[in-house]
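Presented below is the structure to which this report refers.
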Amino acid sequence: MLSDNEPKKLFYKIGEVAKEFNVNVSLIRFWEKEFDILKPKKNKKGNRLFTANDLENLKIIYHLLKERGFTIEGARKKLKENKNDTTDNLSVVNHLKEIRKFLVELREEL
């Protein structure tokens, strides 16, 4: 995902977002239709422009669908029931991944 040392942009094009999540552009469009929390802005040409908030919501959706194996309906229901719990869970998972990465790098240095 976007690293902390990468410069932050106000808006991200759909191609950049799809590349970041390693999915097709059509999947991002599909998720936009399926999840109310995704509201990318559109310019005069109709191109989607995603904000940092949209990226955070996409991370949650990606986590539920791709990493935890939820169905679209199940993910929608989970987000309606308790989005904060899902967000907290995602942050814990991401933190654990960072720790694992650090430990693997440390092991390789030894």
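The table for this structure:
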{"quantity": "Test: residue in the stretch 13-23 that is touching a residue at least 40 places away in the same chain (Cβ under 8 Å), in contact with a strand residue (DSSP E or B) (Cβ under 6 Å, 6 or more places away or on another chain) and buried (at least 17 other Cβ atoms within 10 Å of the Cβ)", "calculated": "yes"}
{"quantity": "Qualifying residue in the stretch 54-61 (condition: among the β-branched types (V, I, T) and touching a strand residue (DSSP E or B) at 6+ places or on another chain (Cβ under 9 Å))", "calculated": "no"}
{"quantity": "Cβ pairs under 6 Å, 6+ apart, first in the stretch 30-48 and touching a residue at least 12 places away in the same chain (Cβ under 8 Å), second of a type in the set (V, I, T)", "calculated": "W31/I61; E34/I72; F35/I61; R48/I14"}
{"quantity": "Condition check for K80: at pLDDT 85 or above, surrounded by 10 or more Cβ atoms within 10 Å (Cβ to Cβ) and assigned to a helix (DSSP H, G or I)", "calculated": "no"}
{"quantity": "Failed item in (1) within 15 Å of I14 (Cβ to Cβ); (2) at pLDDT below 90, with E67 passing the rest", "calculated": "(1)"}
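The values are calculated or read from the model by the stated rules, or taken from the named source; none is laboratory data. This is a predicted model, so every value here is computed, not measured. Methodologically, a virtual Cβ is constructed for each residue, glycine included, from the backbone with ideal geometry; neighbour enumeration extends over all protein chains shown.
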